[in-house]
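Reviewing the structure listed below.
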Amino acid sequence: MSHVLHYTFGVFLTFLLAGGSVADEQEAPPARPGALAPFLATDEDGVMLSWLEPVDPNLDTETFRLQVARLDGSTWSEPVTIVQRSDFFANWADVPTISHDGTRWIATWLQMSGPGTYSYDIAVARSNDGTTWTHLGTLNDDRTMTEHGFVSLVPQKGGTRAFWLDGREMSSGDDEHGHGSGAMTLRTALISDTIGESRVIDEMVCECCPTAATMTSKGPIVLVRNRTGEEVRDIECLRAEDDYASPVMLHEDSWAIAGCPVNGPAVKAYGNLVAAAWYTAAPGRTGVWAAFSDDAGASFGTPVQLEGEDAVGRVDLVMLKDGRAAICWLSRRDEGSLLLRTVHRDGTMGDVQMVTSIDPGRRSGIPRLAAIPGKPDTLLAAWTSVGDDANGLRTALVHLGAVKSP
């Protein structure tokens, strides 16, 4: 094995289940200390993990590399470097993404475009085999030294549909992000062997909440935190079926906040059935919520609350073929926990399960959850572990057969 594997470590995951406990040992990814920004994607062969890591964690350096590795059973492959640069915009929330469209892998990452702290573009690369990567250019087709990021990728016919937050309309300003009078917009483009022309599909959205997208039987949908002139920032759904012209609110939480909470939604679809999860701190509604749509995102049913005041948010979810969604999120419970709960389309919920103890602060980033192809009752969870004794990526297998369902 490569010397990189000297940086790995085993991890035991204990699920606190009604009626017993299940323990599973999962080899940690082949990532160096200081690794961050995990992201999971699948193809017909299994699960791929991407992450950022410092080239030399012992030095004060800004040089990072974007790595990928494949999970083969319970073992990680040797890591592959997509790109190594000294000008990554590396942070806990706005992370590189990967996706497979049936023909090719697509990867995105952020790289600085100018001297400003928040001047960066979205770079794109493709690969036919996940090993050899070709840089395609930048997803955003402007040359403004503004923010571009929070990418969501969805495989569709002809390539990969990309959605992202685009700050080209934001003139230079005096606040900490350089924001001025313009608004953050939501844009989309199609990526294949080249990057297609982009267009605006929402002219005003929250500045730095992650987006989430999925493919339904009627085309892609994307969820984003909206922003009104009154600073109400609730989650909306835009659909390819109506050319993204008529956003649908998941629920009118009426969360008014004069600043971005950096807490985006999650969404997955199975045919016309869509499951969505999000966090809000609206008065009387603080917590993590989930809602289902039976019509590919044209409307959503009554939300159910997964956890209340203890919830931190930063959600992810997997849609199960039996009509349930498995949803994970961060919580302050027990001094910090990554929790998981299954929710059925009729609103009934399984017990709350503790996946692992975790620092609920921002350095822990956004935990990820993915289905493992060919194993319908097994999910892969990935997260960033921080603290005096551990600083890097961890993964674990979640066996849904052991999780109590409603």
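Readers should treat all values here as calculations from the given coordinates under stated rules, not as data from a laboratory. Here the structure is a predicted model, which means the values were calculated and not measured. FYI the Cβ positions are ideal-geometry reconstructions off the backbone, even for glycines, and counts take in every protein chain you see.
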Quiz item: What shape does the range 307-394 have by the C-alpha gyration tensor, where a ≥ b ≥ c are the square roots of the eigenvalues, rounded means a/c under 1.5, and otherwise prolate means a/b greater than b/c and oblate the rest?
Solution: oblate
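Starting from 0.36 nm per residue, how many nanometres of slack lie between Asn128 and Asp87 once their C-alpha separation is accounted for?
My answer for the length gained is 12.2 nm.
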Quiz item: Per-residue HN-Hα couplings for the range 230-237, Karplus 6.51 cos²θ - 1.76 cosθ + 1.60 at θ = phi - 60°, whole Hz, x for Gly and Pro?
Solution: 8, 6, 7, 10, 9, 8, 10, 10
Quiz item: Tell me which aspartates and glutamates have Cα within less than 16 Å of Lys218's Cα, excluding those fewer than 8 residues away on the same chain?
Solution: Glu241, Asp242, Asp243, Asp294, Asp295
Exercise. Could you let me know the centre-to-centre spacing of the range 330-387 and the range 50-95, using Cα atoms, in angstrom?
Key: 22 Å
Quiz prompt | Label-point gap, in nm, between Arg363 and Thr228 - each point 7 angstrom along Cα→Cβ | solution = 3.9 nm
Quiz item: Stretch His135-Asp310 to full length: gain in nm at 0.36 nm per residue minus the Cα-Cα span?
Solution: 58.8 nm
Quiz prompt | Distant-in-sequence amide H partners of Phe39 (H built 1.01 Å from N, under 5 Å) | solution = Ser50
Quiz item: Under a 5 Å amide H to amide H cut-off, with H placed in plane at 1.01 Å, what residues pair with Met184 once short-range neighbours are removed?
Solution: Val205
Quiz item: Within the chain, which is the longest segment containing none of the GluC sites (Glu not before Pro) that sit in a DSSP loop and have at most 15 other Cβ atoms within 10 Å?
Solution: 63-175
Quiz prompt | Rough spin-label spacing in nm, given labels placed 7 Å along Cα→Cβ, for Asn391 and Thr348 | solution = 4.8 nm
Exercise. Could you pull out every residue, at least 5 positions away or on a different chain, whose amide H is within less than 5 Å of the one on His251? Hs are placed 1.01 Å off N in the peptide plane, and Pro or chain starts have none.
Key: Ile235
Practice problem: State the extension gain, in nm to one decimal, for the chain segment bounded by Asp322 and Thr61, taking 0.36 nm per residue of separation less the distance between their alpha-carbons. | Solution: 89.2 nm
Quiz item: Tell me, Lys268, Lys375, Lys218, Lys321 in order of fewest to most beta-carbon neighbours within 10 Å?
Solution: Lys321, Lys375, Lys218, Lys268
Quiz item: How large is ³J(HN,Hα) for each residue in the range 344-351, as worked out from phi by the Karplus curve 6.51 cos²θ - 1.76 cosθ + 1.60 (θ = phi - 60°), to whole Hz, x for Gly and Pro?
Solution: 8, 4, 8, x, 6, 10, x, 5
Exercise. For the range 282-297, just list the computed ³J(HN,Hα) in residue order, Karplus coefficients 6.51, -1.76 and 1.60, θ = phi - 60°, integers in Hz, with x standing in for Gly and Pro.
Key: 4, x, x, 10, 4, x, 9, 10, 9, 8, 10, 10, 9, 10, 6, x
Quiz item: For Lys157, which aspartates and glutamates qualify as cross-link partners when the Cα separation must be under 14 Å and same-chain residues fewer than eight apart are set aside?
Solution: Asp101, Asp193
Quiz item: At Asp72 and Arg332, where each label point lies 7 Å from the Cα along Cα→Cβ, what is the point-to-point distance in nanometres?
Solution: 4.5 nm
